[in-house]
2 protein chains.
Amino acid sequence: MNTIEQEFQAVLADKHPANLYDPISYILLQSGKRLRPKLVHYTVEMFDGDPEQAQIVAMAFEMLHNFTLIHDDIMDVAPLRRGKETVYKKWNSNIAILSGDALAIMAFQQLLRLKCDNQIIMDIAKVFAQTSLEICEGQQYDLDFETQRNVTIDEYIMMIRKKTAVMFAGCVKSGAILMNSDDNTRQALYDFGIYMGIAFQLADDVLDVYASSPVFGKTIGGDIRDNKKTYLYLKALEDADPQQRKTLEELFAVPTTDFELKYKTVRDIYDALDIKKKTEEKIQCYLDLAREEMSKVKVDESKKQAFYDLIDQLTNRQK
Amino acid sequence: MNTIEQEFQAVLADKHPANLYDPISYILLQSGKRLRPKLVHYTVEMFDGDPEQAQIVAMAFEMLHNFTLIHDDIMDVAPLRRGKETVYKKWNSNIAILSGDALAIMAFQQLLRLKCDNQIIMDIAKVFAQTSLEICEGQQYDLDFETQRNVTIDEYIMMIRKKTAVMFAGCVKSGAILMNSDDNTRQALYDFGIYMGIAFQLADDVLDVYASSPVFGKTIGGDIRDNKKTYLYLKALEDADPQQRKTLEELFAVPTTDFELKYKTVRDIYDALDIKKKTEEKIQCYLDLAREEMSKVKVDESKKQAFYDLIDQLTNRQK
């Protein structure tokens, strides 16, 4: 079977104009984690399915994911992604808008290439469209929360569920649909994806503050700079004494001027309140829930090892 | 049958967050020409098909069209559309990017609601995706041509074919697929849409320079301000004497500073060269080609009257 990079190159061959397709090629051929393709492949492998069909679905989700990155990086004014310049930074915003649009459309086009029962393609397309729309909703909530004064932990979890977790869930559910699994299995895998996705995003929030920069590939402290009310921030607010609470709220209420000072002040409060450890405990809760859902899937446990390994990797993420 | 506005309202009911869906509702419920829905409906009516199914396809294309408007208006820094503030102007660029994304996804979702043979839905979805991608390509060529020194009339026609005409063609072809028409009919209708779409865009280019502002609903002279190498400009270059040619080329090589002066200078050259009349003749050529393709469709001529009326209206466009 061709690698996903070879498949992307084939899809992009002879496409013009260059200003539309070069950014797409640039982002698709970066060495990312390919977590979403893995989720599709692991699901299909678990049921001994056809890896070639899985690859098409895997490509569609990886393209969808990269479309969201191109557009999110414009909105978040993010200069770096995977240690490289973001598309809007390397080209410009207009090119980033348009190549993101084209990539989203190409993602849908992939699904129409599937060689299987039309009803299965339609069902996957419905999951795919619903997933895509919820991701947009999640991103909008994320932007709204930057300026909204009171955000609860529940609201935050709802937001990252949409922004990040539904795509994980969509990947495994689409794999299950491709294998014509029953409704219970589809639901268990969907929920597995949701819990794993939430855990993944919380781990991302920890890394934003505590990662080592060269490995992380993104700007450290970006969430703090952008007044993102992450789990770490909201948990810190909950546990803070009045003085710490006042400092945090004031710092996150106005645009960042002195980033170094703000980052250090916030991190010191997080450290004093043991927020890193508390968040890691929360991550473990979600990973336990994910394991529980996976245990409902009626295939031999040995077939699920790839998923369990992925969960273990998530616990020790560096990027 | 419900109006398209009622259908849009139903699709948008109970959608959150407001910052994502309010802009979508704002643009979808504006009184536009609804030309693309008309093309779908006229095609299905010509074959005595189900208007309810046609309505779903019509909505999908109207949503796709409005998605492109939301994003194009950011790229073109256009403050006005249909006499109202554009989405990016009324909200902001980030909201316009994201609500445009959501609208494109909702357009695809519409197609999955069709109640007909799955193969027909898949075929329409393929046309829809291909159309969407070509529109992105057309928009990128349009942006590229702003700074490209030499653009030929052929390149310009290729660009507007993608940017504007393929959507007209996609509408009528999708209607034909919905009616399970044979390949010759699909192709004739597709080509009809292409020719009509090119004529429509050329008429738009004329209006950009010669429309009366309150009726037009957009800024007069926007193409001249943005150094858009329209048919009028390229034809003028072709027919110009050396002095006129130099003036045009110099004015379109640098960003606009004194818009009033530039607009007047360019319009005077166009008038001296009779460019309006020459463009109108070109429009008539394309409309003749469109009529010819329509004549190949094997239904009673009386059934095609709506299309012929539309062509006549295009000849006398005010907006």
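The set of residues in region B:113-129 that are open to solvent by less than 30 Å² (accessible area, probe 1.4 Å), more than 8 Å from every other protein chain (Cβ to nearest Cβ) and assigned to a helix (DSSP H, G or I) comprises B:Ile120, B:Ile124, B:Val127, B:Phe128. Restricting attention to region A:13-36, the residues being of a type outside the set (A, V, I, L, M) and assigned to a loop (DSSP other than H, G, I, E, B) number 9.
Here the condition is being within 12 Å of chain A (Cβ to nearest Cβ) and surrounded by 18 or more Cβ atoms within 10 Å (Cβ to Cβ); of B:Tyr42, B:Tyr88, it holds for B:Tyr88 alone. Candidates in region B:96-112 are the residues that are facing another protein chain (nearest Cβ under 7 Å) and within 11 Å of B:Val11 (Cα to Cα); of these, the one that is surrounded by the fewest Cβ atoms within 10 Å (Cβ to Cβ) is B:Gln109. Taken over region A:128-163, residues that are closer than 18 Å to A:Leu35 by Cα, of a type outside the set (Gly, Ala, Ser) and touching a residue at least 40 places away in the same chain (Cβ under 8 Å) amount to 4.
Per the listing A:Ile194, A:Ile198, A:Ile160, A:Ile135, the residue uniquely open to solvent by less than 30 Å² (accessible area, probe 1.4 Å) and within 14 Å of another protein chain (Cβ to nearest Cβ) is A:Ile135. Checked across region A:214-223, the condition of being more than 27 Å from A:Thr43 (Cβ to Cβ), at pLDDT 95 or above and within 16 Å of the chain's Cα centre (by Cα) holds for no residue. Given the structure, is B:Gln110 under 30 Å from A:Met122 (Cα atoms) and more than 19 Å from the chain's Cα centre (by Cα)? So B:Gln110 passes the test. When B:Val151 is tested against (1) more than 10 Å from chain A (Cβ to nearest Cβ); (2) part of a helix (DSSP H, G or I), exactly one condition is not met: (2).
Answer yes if at least one residue in region A:48-66 is within 21 Å of B:Glu137 (Cα to Cα), in a helix (DSSP H, G or I) and within 11 Å of another protein chain (Cβ to nearest Cβ), and no otherwise. Checked against the condition, which is being within 21 Å of B:Glu137 (Cα to Cα), in a helix (DSSP H, G or I) and within 11 Å of another protein chain (Cβ to nearest Cβ), region A:48-66 yields at least one hit. Selection of region A:57-93 for residues being without any contact (Cβ under 8 Å) to a residue 40 or more places away in the chain and among the hydroxyl-bearing types (Ser, Thr, Tyr) yields A:Thr86, A:Tyr88, A:Ser93.
Of all residues in region B:138-148, those satisfying the criterion of being within 17 Å of A:Asp22 (Cα to Cα) and either within 7 Å of another protein chain (Cβ to nearest Cβ) or surrounded by fewer than 17 Cβ atoms within 10 Å (Cβ to Cβ) (or both) are B:Gln139, B:Gln140, B:Tyr141, B:Leu143, B:Asp144. Checking A:Ser174, A:Ser181 one by one, the residue that is more than 9 Å from every other protein chain (Cβ to nearest Cβ), small (Gly, Ala, Ser) and not in a helix (DSSP H, G or I) is A:Ser181 and no other. Those helices (runs of 4 or more DSSP H) of region B:228-319 in which 1 or more residues are open to solvent by 80 Å² or more (accessible area, probe 1.4 Å) and not acidic (Asp, Glu) occupy B:242-251, B:259-272, B:275-295, B:305-315.
The values are calculated or read from the model by the stated rules, or taken from the named source; none is laboratory data. All figures in this text were calculated on a predicted structure; none of them were measured in a lab. As a convention, Cβ positions derive from the backbone with ideal geometry for all residues, glycine included, and neighbour counts pool all protein chains shown. Protein only, heavy atoms only, side chains kept; ligands, DNA and RNA dropped before computing areas. Shrake-Rupley method; radii C 1.70, N 1.55, O 1.52, S 1.80 Å.
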